[in-house]
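Inspection log for the structure reproduced underneath, given as structure tokens.
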Amino acid sequence: MAAKILGNVREIDRDIELCRTTNARISDHAARLLMENQIPFTRNWIKIPFFLREKYAGAKQFYVILTNPRRYGQARRTIDQLEPPFKSRLILSNY
């Protein structure tokens, strides 16, 4: 007997970007806040090409936080609770 998949197969594992930053400490702080509020997320990094590093103050990678599209609103409200110095270092998505 084959397993059945409920829902739309095309939407499985389709997390959307919540925010990104070049600062590991800011990424850790945002991830900790999401965990405290029990919001599912994944955190990855994207290498910044050498010729674009000057634009991002020499950073070598972006830390990207992704979340489930159905929980995006809750995740965004949680990120909005960050203190202004931390939040100003994040690039927030507009979904």
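Quick notes on this structure:
- Taking the chain and dividing mean pair separation by its residue count, relative contact order in percent (alpha carbons under 8 Å, at least six apart): 40 percent
- Interchain or long-range residues, amide H under 5 Å from residue 23's placed H: 63
- Between helix 24-36 and the chain: long-axis angle, C-alpha atoms, 0 to 90°, nearest 10: 40 degrees
- With the simple spin-label model, which puts each label point 7 Å out from Cα in the Cβ direction, the residue 42 to residue 59 separation comes to 2.1 nm.
- Approximate spin-label separation residue 81-residue 17, in nm, with each point projected 7 Å along Cα-to-Cβ: 2.5 nm
- Taking each DSSP H run with n ≥ 4 as -39500 (n - 2.57) and averaging over every residue of the chain yields -7000 deg cm²/dmol at 222 nm.
Read-outs throughout are calculated quantities, based only on the coordinates presented, and are distinct from any laboratory measurement. Since the structure is predicted, the reported quantities are computational estimates derived from the model, not experimental observations. Here the Cβ is made from the backbone with ideal geometry for all residues, glycine too, and neighbour counts use every protein chain on show.
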